[in-house]
1. Taking other Cβ within 10 Å of each residue's Cβ, how do A:THR166, A:THR109 sort, fewest first?
2. So which lysines can B:LYS79 reach, going by Cα to Cα under 23 Å and dropping same-chain residues fewer than 8 places off?
3. Taking the Cα centre of the range A:2-114 as origin, sum charge times position over the Cβ atoms of Lys and Arg (+1) and Asp and Glu (-1), and report the length of that vector in debye to the nearest 20.
4. Summing +1 for each Lys or Arg and -1 for each Asp or Glu, what net charge is found among the other residues whose Cβ lies under 11 Å from the Cβ of B:ASP148?
5. Rounded to the nearest 20 debye, what is the charge dipole size of chain B about its Cα centre when +1 sits on each Lys and Arg Cβ and -1 on each Asp and Glu Cβ?
6. Using DSSP to call loops (not H, G, I, E or B), can you name the GluC sites (Glu not before Pro) in the range B:278-363 whose Cβ has at most 12 other Cβ atoms within 10 angstrom?
7. Once you average over the residues of B:270-277, how many Cβ atoms of partner chains fall within 10 Å of each Cβ?
8. Using a Förster distance of 60 angstrom, determine the FRET efficiency expected from the C-beta separation of B:ALA243 and B:SER338, and round it to 0.05.
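Taken together, the values in this text are just the output of simple stated rules run on the coordinates, not laboratory data. The structure displayed is predicted, hence computed values, not measured ones. Counting neighbours? That spans all protein chains shown, and the Cβs are built from the backbone with ideal geometry, glycine included.
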Number of protein chains: 2
Amino acid sequence: MDLLIHREELVRALARAQGIVEKRPTSPILSAVLLQATADGLRATATDKTMTILADYQATVRRPGEIAVDAANFFQVAKVLSGDIVTLTLTDNGRLEVRCGSALFKLTTFSAADFPVTPALDQARALTIESPALRGVIDRVHFAVAPDDNRYGLNGAHVEDTSAATGAVVRFVGTDGNRLCWAQAPYTGELGIGRKMLLPRKGLGEIRKLLEGYDGPVQIAFGDRAALIQYPGVLVHCRLLEADFPDYRQVLPAAFKRRALVDRDALREALRRVSILATDATNSVKFQFSPEGLVLSARKLDAGECREEVPIEYSGEAISMGFNARFVVEVLGAMAGSRVSLELGDALSPCILRDMDDDNALFVVMPVRLD
Amino acid sequence: MDLLIHREELVRALARAQGIVEKRPTSPILSAVLLQATADGLRATATDKTMTILADYQATVRRPGEIAVDAANFFQVAKVLSGDIVTLTLTDNGRLEVRCGSALFKLTTFSAADFPVTPALDQARALTIESPALRGVIDRVHFAVAPDDNRYGLNGAHVEDTSAATGAVVRFVGTDGNRLCWAQAPYTGELGIGRKMLLPRKGLGEIRKLLEGYDGPVQIAFGDRAALIQYPGVLVHCRLLEADFPDYRQVLPAAFKRRALVDRDALREALRRVSILATDATNSVKFQFSPEGLVLSARKLDAGECREEVPIEYSGEAISMGFNARFVVEVLGAMAGSRVSLELGDALSPCILRDMDDDNALFVVMPVRLD
């Protein structure tokens, strides 16, 4: 293998790769990036066994070949190189020589043959969704997916078809038991529904990062145990979670007794202030809704108490409820519009939050019991 | 106590205070800031028992008074307030009410009488040094002071008088046993030399932070056990370390056998690259000096090796030496000029580094043994 590559292109390849490889791998090869040089350029492949990213980069290949190199190590080197063009040469003694300016690095390598093979996937059925729409869906759902829950089915975003007469629509749903969000977008093509359609949280995050800066169409194919996400130059193979997602529609209240309309930024800023004196563990803030306004208050032992009023438009009887401030702040942060509605039932019923400018997402936050 | 203060001024006061108070205090009062409101404004005092900072802030005081409040807690609150003017009111039940915009915080307090008394210091003799010069001295010495060494005398910067016929000069010296730096600046007034003139590392860092943005004269008075640093609106009382600083002049070689002149940025950047493949614990990089140039190289088990050449002007016989790359990079970072000289003896003799544009500082780095 012998090739020339722009330093920025190499850094981009290795930044992606080292983000996905395992930090404490069970086998050293799992911390490596596979480099494959062909007449078309350089392909870099990285995997953590649950997901694999293959991406193509521009390079002038003088001699094709393939080799695997520790991704984090190579990334560190590439970041500090000084110069425009980097030469990568695989030597006879199995070192990868990295030349740039007056610097010469000789990196130890792994055999490309030892690198895990990316599983194949039947791509007969695939849907196409525009990248900005997919980014929007992930942004509104990803934060609510449980990071590492015993209830295994909560550790991924559930994908389902919510097509109606008006057109084909795909919906992502995430929850950690305390809040639940769904967001949806139109698609073309075919959504091949498998048995379990649960995209793991890490995979969702990595796909979101890859989509940054790309605004064209994205293809998604679902197999029985994996999904394939693809756009020109990038292919992601992502294992689906083998678990059941709860029947989330059951927790969505069919009607509400009370409704508050509020300015999103005003509520978010006030909550940030008041939650400073919320008890650390529960982070619970008291919400007192009434036609006169919304009063937020909190109290922390040995520190003090605080209150702040936020103007609302309100319909229904006055009520006091508690919420974990962080959950509400995160939901408000996932919205883009300026006005938010809060649909309330009784003190311990789930609260539905809607961005008044966005019909394609819905957010639910469970209240907490006030002492 | 009842006063109005600009939010920025309050944030500035509390940022300083929470930086100095103990993070895990033996007594809660040691995490508090003492607030004293008089006709002149608001004075905030914070201490960690080894140092005390008293600083004055502009405020419109409607009712004088004093109270102590947890500094970190109050800082968190002040940071997120929205509005220009903050009202602070001490209520009859001992809460400090903080009002800003529509937010109301009631903070728990400590009695001002419980706050530790700042020790007095005989200020008869004091020297005056310009703030930019003092900042420069601290910047070139602080990083080399040992953070927490068993050799207690290394945990502070030694201060001494190096006045000559040309004028009065004060020198600060710091070392951790691996490198040593001194820097000096002219002063007026009188340097009252005490028995032990060791300014602790943390105190040095806090004084440096306080001096940021102030360019006038600074007064320093040394007592037997403490130093007083003072400029309009700020007074710092800093306990001196009760320990002996080594006779640092002993380690400074009187002459050198070899000398290299090198571009500071070129050496620093090359060292940063090569040290990526230095062994983590020792961080040692091989320096091969010869009239042809300086070759830096490093090798790390399981990762690989690297080398880079840096142009030098060299006099003397060729030599190979090892240095901890971090120590050299930090010394180069403390300089401002573009050209650096390295004065060398034998492979294990100390290396003196000088900024060619700066006669008022000197840096020494001990070599490491190469395997």
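1. So the residues, fewest neighbours to most, are A:THR166, A:THR109.
2. The reachable lysines, counting only those whose Cα sits under 23 Å from B:LYS79, are A:LYS286, A:LYS300, B:LYS23, B:LYS106, B:LYS209.
3. Roughly 240 debye for the range A:2-114.
4. +1
5. That gives a dipole near 560 debye.
6. B:GLU292, B:GLU317
7. 5
8. So, using R0 = 60 Å, E works out to roughly 0.95.
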